[in-house]
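The values are calculated or read from the model by the stated rules, or taken from the named source; none is laboratory data. Fair warning: this is a prediction, and the values are worked out from it, not measured in the lab. Heads up, the Cβs are rebuilt from the backbone with ideal geometry, glycines too, and the neighbour counts pull from every protein chain shown.
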Amino acid sequence: MPYKLRIVGGLASINQYIRQEEPFWSKELSRMSGGRFDAEIVPFDRAGVPGTEMLRLLQLGVVPFGTTLMSSFTAQYPEYTAPDLAGLNPDIATLKSTLAAFRPYLEKSLRDQHGVEALAVYVYPAQVVFCKKPLRGLADLAGRRTRVSSSTQADFVGALGGIPVLTGFAQIVPSLTASSGETLRQLALAHVGLVCLSDFMTAGDREAGRLVQVLARDTVDVRQPINAVYYRNTQLAARIACFLDFLQERMG
């Protein structure tokens, strides 16, 4: 029987996890060890493990192997986040030099103070600033609200006159998404982008010319079931019974 390992990995939505981390633990480890080791991995943002608690959970042995964001330690161990200072590493070559100088200290501190061994260090994708209004340079961040994922990024934006909105890295994308049909409709009306909505939600807007259907030839006709659920062991109000009779007559 192979040794079974439990891994808490990085963020589920980024390429490092999808293309590198998850395949290594779930597939490559077994192949490279000749079947001696097998592993199950779950991303920390889906495992219910707060990033700020990962180091503590590793120290206690609750999480045997885990990936943690160094930027999440700003409040507890700010010295560990030195290589992650916003603006310090404008390119990969500089980042490698910075990390090479800092890694011996980091590894020793984790080992001596927490009993944790650093196995590897990798970087997340480049941090890119997006805005609906044009940006000519960093000075244009002044006065704009900008979502940031770490305290150092907040300091960086604030120093440029911007208004940082601190949001956990795992929450940045969800905080910019919308699942409400009416919200998506309003975004389309505001010319934010393309949306996929049901015909009945956009019929009036399309008739009035406020919205235009695109990719009409590629539209897929999808019909979703409607279920009317009610308690059989209670007497229905007359208006509900009438509505159910109407549905049965019209929809069979």
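Within the set A86, A39, the sole residue that is outside any helix (DSSP H, G or I), in contact (Cβ under 8 Å) with a residue 60 or more places away in the chain, in contact with a Phe, Trp or Tyr (Cβ under 6 Å, 6 or more places away or on another chain) and not assigned by TED's automatic domain parsing to the domain that holds S149 turns out to be A86. When the test is whether a residue is surrounded by 10 or more Cβ atoms within 10 Å (Cβ to Cβ), free of Cβ contacts under 8 Å to residues at least 24 places away in the same chain and either under 24 Å from S180 (Cβ atoms) or among the hydroxyl-bearing types (S, T, Y) (or both), R223 does not pass it. Tallying residues that are among the β-branched types (V, I, T) and part of a helix (DSSP H, G or I) within region 42-76 yields 1.
Checking each residue in region 3-34 for being in contact with a strand residue (DSSP E or B) (Cβ under 7 Å, 6 or more places away or on another chain), modelled with pLDDT under 85 and either farther than 13 Å from G66 by Cβ or surrounded by fewer than 19 Cβ atoms within 10 Å (Cβ to Cβ) (or both) picks out only A12. Please go through region 110-126 and give me each residue that is surrounded by 13 or more Cβ atoms within 10 Å (Cβ to Cβ) and either in contact with a strand residue (DSSP E or B) (Cβ under 7 Å, 6 or more places away or on another chain) or modelled with pLDDT under 90 (or both), ordered by number. Scanning region 110-126 gives V123, Y124. The selection criterion, being exposed (fewer than 10 other Cβ atoms within 10 Å of the Cβ) and either hydrophobic (A, V, I, L, M, F, W, C) or more than 22 Å from C131 (Cα to Cα) (or both), holds for A190. Would you check which residues across region 35-73 are among the β-branched types (V, I, T) and surrounded by fewer than 17 Cβ atoms within 10 Å (Cβ to Cβ) and list them? Those that are among the β-branched types (V, I, T) and surrounded by fewer than 17 Cβ atoms within 10 Å (Cβ to Cβ): V42, T52, V62.
If you go through region 226-252 and keep only what is in a helix (DSSP H, G or I) and surrounded by 10 or more Cβ atoms within 10 Å (Cβ to Cβ), you end up with I240, A241, C242, F243, L244, D245, F246, L247, Q248. Test D218 against the criterion of being surrounded by 10 or more Cβ atoms within 10 Å (Cβ to Cβ), modelled with pLDDT of 75 or more, of a type in the set (D, E) and more than 22 Å from the chain's Cα centre (by Cα), and give yes or no. Judged against the criteria, D218 is not a match. Filtered by the rule that a residue be within 43 Å of the chain's Cα centre (by Cα) and of a type in the set (A, V, I, L, M, F, W, C), region 221-252 gives V222, I226, A228, V229, I240, F243, L244, L247, M251. When G161 is tested against (1) in a loop (DSSP other than H, G, I, E, B); (2) at pLDDT below 90, just one condition goes unmet, and that condition is (2). Here the condition is being among the hydrophobic types (A, V, I, L, M, F, W, C) and in contact with a Gly (Cβ under 8 Å, 6 or more places away or on another chain); of L236, L215, L197, it holds for L197 alone. Against the condition in contact with a helix residue (DSSP H, G or I) (Cβ under 9 Å, 6 or more places away or on another chain) and either outside the structural domain of R46 (by TED's automatic domain parsing) or under 24 Å from I14 (Cβ atoms) (or both), how does S179 come out, does it pass? No, not satisfied. I'd like to check something: does region 131-138 contain any residue that is in a helix (DSSP H, G or I), without any contact (Cβ under 8 Å) to a residue 60 or more places away in the chain and surrounded by 14 or more Cβ atoms within 10 Å (Cβ to Cβ)? Looking through region 131-138, at least one residue is in a helix (DSSP H, G or I), without any contact (Cβ under 8 Å) to a residue 60 or more places away in the chain and surrounded by 14 or more Cβ atoms within 10 Å (Cβ to Cβ).
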